[in-house]
Amino acid sequence: MSEGLTRNAARNIFYGGSTIFFLIFAGLTIHTHIYMSTTSTNSEELDEAVIAGKEVWEEHSCINCHTIMGEGAYFGPELSNVWHRYGGRENPEAARAGIKGWMKAQPIEAPGRRQMPQFNLNEQELDHLVDFFKWVDGIDTHDWPPHKSG
Amino acid sequence: MKYETQKVALPFFAVAMALFALQICFGLMAATVYVMPEFLSEAMPFHIMRMSHTNLLLVWLLIGFFGATYYLLPEEAETDLHSPTMAYIQLAIFAGAGAAALIGYQFGIHGGRHYLEQPVYVKILLTISFLMFLYNNTRTVMKGRRTSVSIVLLLGLWLAAIFWMFAFYEPDNLAQDKLWWWWIVHVWVEGVWELIMASILAYLLIKMTGVDREIIEKWLYVIVGLVLFSGLLGTGHHYYWLGTPGYWQPIGNIFSSMEVIPFFAMVMFAFYMFWKGSREHPNKAAMLWTLGCAVVSFFGAGVWGFMHTLSWINYYTHGTQITAAHGHLAFFGAYAMLNMAIITYAMPQIRRIQPYNQIMNMWSFWIMVGGMCFMTFTLTFAGVVQTHMQRVLGEDFMTVQGQLDLFFIMRLGSGSVVALGVILFLIAVFGPAREQLPAHVKGSGGNGSSQ
């Protein structure tokens, strides 16, 4: 610690510097917000069904077992690319049926396997959830995750 | 303790520690599920345990910060607290809202944003309580002496409340939802909460080492400056893979790497003041927690954070057990240990007795820290194996998890050790104070607790 630095000088550097860094941070975040609307996500496909699917996702707090774009709990598999994992990019009908069938089959009572609860979603809720997964799969994440396995 | 109203801190500390104990219970249950997947799978599914575990952590840490503030501000401001009644009401609202959320979770009443699962009415109650707290303490400081410790502490708390407002904003676009979600989560724990941490550490060092306030406060400003200079743009390390522009990768790499510096500065600061100090403070346990907090947060938040912060590493490790390892030791070292430091320091003064049960308290320190470190190591090894198998070789998630059983068993074991440490800490702090006097004094009817 240099003896030349006084407490008041340190304080002024703290306030001035923090303000500048905050302004840069806020500016870049706002730019990113706009970039997400215009470039990296499909804003025009963000319809009622996808929004309803996000609500299903939240109502059952899926994020407290699964990750989505790498964020959440690490108990269950990554779901931002579950649409891709089920082959949705090539065969959307089969992927939709596959994901819905998986949800309906829970809990799989295989001994020693982690249990996913049965959430008793109706057909419409299941479809919305799949619409949400399909939409999320379209986000440009700089090729994350590295593999289809999530 | 110079001011009667500092006693307001006592119920805050007690509630915080009770919730801490409960948090550990939910943590142990969730760790058990990793080892025995059928455990409570019908009665309490894993997601309920986990949100209870994380929400209890946030609520108890905040209540602990409130208690610490009520304890130290009157002494810094050299005046009594503005309104003790308001403080008790504020605690009742905060703890009541937290309890309502926790009970609701058990019946499936919750939101679905990570850490922000509280229903809206709970969020509003927490906000009201937080604002009452800020008003009360700001009034206290305004009528008394203004020190750098109290200014930085209040600034950290005010900013925490301001950034909390983003909890009420939820865009429909998942990418934007996550973008702003980090304005609470990252800006709290890697930004403004560090202001709270640094100022409480500064207070403890002023009191326990006897080093001149001018020097400690200069360090304080340098440290909180480093925190925000690195931490704000350091948010970039969460913006690598969220549908964000590519410029966050260099920004995140550079600034989040620098987030290690303030943590290292806090270690230097704490030990430098400790050696420089002339005072032999009798509360050895509080000094141990203070130094320990600086060290463990440096490793947990600093080193373990740096380990996976660079974008080309994070590309593979993001969202694996590596993150879990870092999260556990960072929160424990920086914020849980900070609370235990101030509680250990303040409780003898609140109870108006000499520092007591110090040996047991120090045992609890080593048992808890040992348990947490071991847990972090096991999760780190699990994360390395997971990263390699799943992210490099591309194997299926469940197949890979099946290979990690041994680590999860050791994590449950280390969690049990942590729980033992917590029990010892609670007994040491809130239990009866053992007399620590020479035998001949006891023999002549001396009373150790009346000093």
Determine which single condition B:Ala428 fails, assuming it passes every other condition in (1) small (Gly, Ala, Ser); (2) within 14 Å of chain A (Cβ to nearest Cβ); (3) farther than 26 Å from B:Phe299 by Cα.
-> (2)
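Tell me, yes or no, whether segment B:319-338 has at least one residue that is part of a loop (DSSP other than H, G, I, E, B) and more than 26 Å from B:Val8 (Cβ to Cβ). It would help to see each step written out before you state the result.
We begin by selecting, within segment B:319-338, every residue part of a loop (DSSP other than H, G, I, E, B); these are B:319-320.
Add one more test, that the residue is more than 26 Å from B:Val8 (Cβ to Cβ), and what stays is B:319-320.
Yes - at least one qualifying residue is present in segment B:319-338.
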Just give me the residues in segment B:180-229 being aliphatic (A, V, I, L, M), over 16 Å from B:Tyr335 (Cα atoms) and within 10 Å of chain A (Cβ to nearest Cβ), in sequence order.
-> B:Ile215, B:Ile216, B:Leu220, B:Val222, B:Ile223, B:Leu226, B:Leu228
Cβ pairs under 6 Å, 6+ apart, first in segment A:28-44 and under 15 Å from B:Gly236 (Cα atoms), second modelled with pLDDT under 95 = none
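Got a sec? Which of B:Phe374, B:Phe331, B:Phe381 is aromatic (Phe, Trp, Tyr), at negative phi and surrounded by 20 or more Cβ atoms within 10 Å (Cβ to Cβ)?
Numbers: B:Phe374 fails: surrounded by 20 or more Cβ atoms within 10 Å (Cβ to Cβ); B:Phe381 fails: surrounded by 20 or more Cβ atoms within 10 Å (Cβ to Cβ).
Just a single option satisfies the conditions, and that option is B:Phe331.
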Residues located in segment A:56-85, provided they are crowded, with 23+ Cβ neighbours inside 10 Å, more than 7 Å from every other protein chain (Cβ to nearest Cβ) and assigned to a loop (DSSP other than H, G, I, E, B) = A:His66, A:Leu79, A:Ser80, A:Asn81
Residue check for B:Val267: part of a helix (DSSP H, G or I), surrounded by fewer than 21 Cβ atoms within 10 Å (Cβ to Cβ) and more than 8 Å from every other protein chain (Cβ to nearest Cβ) = yes
With the condition kept exactly as written, say whether any residue in segment B:365-385 is touching a residue at least 12 places away in the same chain (Cβ under 8 Å) and more than 27 Å from the chain's Cα centre (by Cα).
-> yes
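Matching residues to (1) β-branched (Val, Ile, Thr); (2) surrounded by fewer than 21 Cβ atoms within 10 Å (Cβ to Cβ):
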{"residue": "B:Phe306", "(1), (2)": "no, yes"}
{"residue": "B:Asn314", "(1), (2)": "no, no"}
{"residue": "B:Thr320", "(1), (2)": "yes, no"}
{"residue": "B:Met340", "(1), (2)": "no, no"}
Tell me, please, whether a residue that is free of Cβ contacts under 8 Å to residues at least 40 places away in the same chain, buried (at least 19 other Cβ atoms within 10 Å of the Cβ) and in a helix (DSSP H, G or I) can be found in segment B:202-223.
-> yes
Return yes when B:Gly300 is without any contact (Cβ under 8 Å) to a residue 24 or more places away in the chain and under 30 Å from B:Leu404 (Cβ atoms) and no when it is not.
-> no
Given the conditions (1) without any contact (Cβ under 8 Å) to a residue 24 or more places away in the chain; (2) under 30 Å from A:Val136 (Cβ atoms); (3) not in a helix (DSSP H, G or I), and given that B:Trp241 satisfies all but one, which numbered condition is not satisfied?
-> (1)
When residues of segment A:86-126 are filtered for being of a type in the set (A, V, I, L, M, F, W, C), closer than 22 Å to B:His47 by Cα and buried (at least 16 other Cβ atoms within 10 Å of the Cβ), how many remain?
-> 6
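Consider B:Phe365 carefully, then state whether it is modelled with pLDDT of 95 or more, within 20 Å of B:Tyr316 (Cβ to Cβ) and more than 14 Å from every other protein chain (Cβ to nearest Cβ).
Values: modelled with pLDDT of 95 or more: yes; within 20 Å of B:Tyr316 (Cβ to Cβ): no; more than 14 Å from every other protein chain (Cβ to nearest Cβ): yes.
When the stated conditions are applied, B:Phe365 does not pass them.
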Among (1) touching a residue at least 12 places away in the same chain (Cβ under 8 Å); (2) out of contact with any Ser or Thr (no Cβ under 7 Å at 6 or more places or on another chain); (3) over 22 Å from B:Met197 (Cβ atoms), B:Ile313 falls short only on (1)
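Could you list all residues from segment A:111-150 that are of a type in the set (Val, Ile, Thr) and facing chain B (nearest Cβ under 10 Å)? It would help to see each step written out before you state the result.
Applying the first criterion (of a type in the set (Val, Ile, Thr)) to segment A:111-150 yields A:130, A:136, A:139, A:141.
A:Val136, A:Ile139, A:Thr141, listed by residue number.
Can you tell me which residue is farthest from B:His237 (Cα to Cα) among those in segment A:11-27 that are hydrophobic (A, V, I, L, M, F, W, C) and within 7 Å of chain B (Cβ to nearest Cβ)? Please lay out each step first, then the result.
First, the residues of segment A:11-27 that are hydrophobic (A, V, I, L, M, F, W, C): A:13-14, A:20-26.
Add one more test, that the residue is within 7 Å of chain B (Cβ to nearest Cβ), and what stays is A:13-14, A:21-22, A:24-25.
On the way: A:Ile13: 25, A:Phe14: 23, A:Phe21: 16, A:Phe22: 16, A:Ile24: 16, A:Phe25: 13 Å.
Per the stated criteria, the residue is A:Ile13.
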Across (1) among the hydroxyl-bearing types (Ser, Thr, Tyr); (2) crowded, with 17+ Cβ neighbours inside 10 Å; (3) more than 27 Å from B:Gly371 (Cα to Cα), B:Thr85 clears everything bar (2)
Among (1) buried (at least 20 other Cβ atoms within 10 Å of the Cβ); (2) not small (Gly, Ala, Ser); (3) not in a helix (DSSP H, G or I), the one test that B:His186 misses | (3)
The condition from (1) more than 8 Å from every other protein chain (Cβ to nearest Cβ); (2) crowded, with 21+ Cβ neighbours inside 10 Å that A:Ala52 misses is numbered (2)
Tally, over segment B:53-109, of residues that are assigned to a loop (DSSP other than H, G, I, E, B) and touching a residue at least 60 places away in the same chain (Cβ under 8 Å) = 6
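The values are calculated or read from the model by the stated rules, or taken from the named source; none is laboratory data. Since the model is a prediction, treat every value here as computed from it, not as a measurement. So basically every Cβ, Gly included, is an ideal-geometry build from the backbone, and we count neighbours across all protein chains shown.
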